[in-house]
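Quick notes on the structure that follows.
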Amino acid sequence: MAITFKIEDDVFYQKGIQKGVGQGIEQGIEQGSQKKEEQTILNAYKKGKKIHEIAEFLDLDIDYVKKIIEKNEQK
C-alpha cells in the first residue's frame, strides 16, 4: 500500500514559504528605496548641485554619491 504525502500541506513547508515571501518583500522594498535614493542623487546633480552638497543634504558618503554619478555617466 502506497502512502501519499502532499508537501504543500506540511506545516514546515508552509512556514518556509511564508518566510521566503517575507524576505522577498523586504528585499524588494530595500531595492526600491536604493533606486529612489540613486535617482534623487542624479536629479540633484543634473540640476547643478555639487557632489558635496548632495552628500550633505542626503546624509550620504561623498564617495557613494560620486560612484552613483560616475556609474550613470558611463551609460
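Does K50 qualify as being of a type outside the set (V, I, T) and free of Cβ contacts under 8 Å to residues at least 12 places away in the same chain?
Yes: the conditions hold for K50.
When the residues of the range 59-75 are narrowed to those that are modelled with pLDDT under 95 and touching an Asp or Glu at 6+ places or on another chain (Cβ under 9 Å), which ends up nearest to Q39 (Cα to Cα)?
So the residue we want is N72.
The values are calculated or read from the model by the stated rules, or taken from the named source; none is laboratory data. Everything numeric here is computed off the predicted structure, so don't read it as measured data. Cβ atoms come from the backbone with ideal geometry, glycine included; neighbour counts cover every protein chain shown.
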